[in-house]
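The values are calculated or read from the model by the stated rules, or taken from the named source; none is laboratory data. Every value quoted in this text rests on a predicted model; they were computed, and no experiment measured them. In this analysis, Cβ positions are derived from the backbone assuming ideal geometry, glycine residues included, and neighbour counts consider all displayed protein chains.
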Amino acid sequence: MVEDAPKDAYTVQAAPAEAPGAPAIDMRTISEFAATDEAGAEFIANIIEVFLRDMGERLRMAVEQVGRGDNAGLAATAHALKGSCGHFGAVRLMKLCAAIEDQVKSKQTGGMRAAVDCMIAEADRVREALKAYRYNPPSPPSAA
């Protein structure tokens with residue numbers, strides 16, 4: 001979790017709704033990704049590590065950008081994070097990033113702190129799900 005996120009009073013812009021308890025990542029996406037490489041689990045563990053490091057840096061940037069009112073920079077950061085999320089099936093995080101981009105494009109920037117807070121909370125769920133996957137990847141399906 002990003003510790004330096006300011007906690008002011010603000011209103012939350014509408015975020016895409018998801019079913020309660022929806023998984024943070026779509027395991028099918030990762031499994032399909034792993035199946036395309038001979039190294040399989042090792043390959044996935046390596047790209048998860050790179051993604052998590054990159055995601056942490058992008059979240060730190062987003063907090064800084066929202067703090068200084070750099071909405072264009074925030075939209076660019078959200079766009080980059082959104083693209084990375086697709087590889088892991090982090091659908092809700094993708095939608096939250098897209099919502100930030102849309103808010104900036106439509107100049108509806110009054111709730112950017114709340115939007116970034118939602119993005120960070122979902123990124124924490126994604127991080128935990130990917131760590132769990134990395135340490136306990138599912139067994140490949142057995143041939144019948």
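In region 69-124, which residues are under 9 Å from the mean Cα position of the chain (by Cα), modelled with pLDDT of 95 or more and either of a type in the set (Val, Ile, Thr) or outside any helix (DSSP H, G or I) (or both)?
ILE120, the sole residue that qualifies.
Matching residues to (1) surrounded by fewer than 20 Cβ atoms within 10 Å (Cβ to Cβ); (2) within 12 Å of ALA62 (Cα to Cα):
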| position | (1), (2) |
| --- | --- |
| ALA80 | yes, yes |
| CYS85 | no, no |
| GLY89 | no, no |
| ARG92 | no, no |
| ILE100 | no, yes |
| LYS105 | yes, no |
| THR109 | yes, no |
| MET119 | no, yes |
| GLU122 | no, no |
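Taking the conditions exactly as written (among the aliphatic types (A, V, I, L, M) and exposed (fewer than 13 other Cβ atoms within 10 Å of the Cβ)), does VAL63 satisfy them or not?
no
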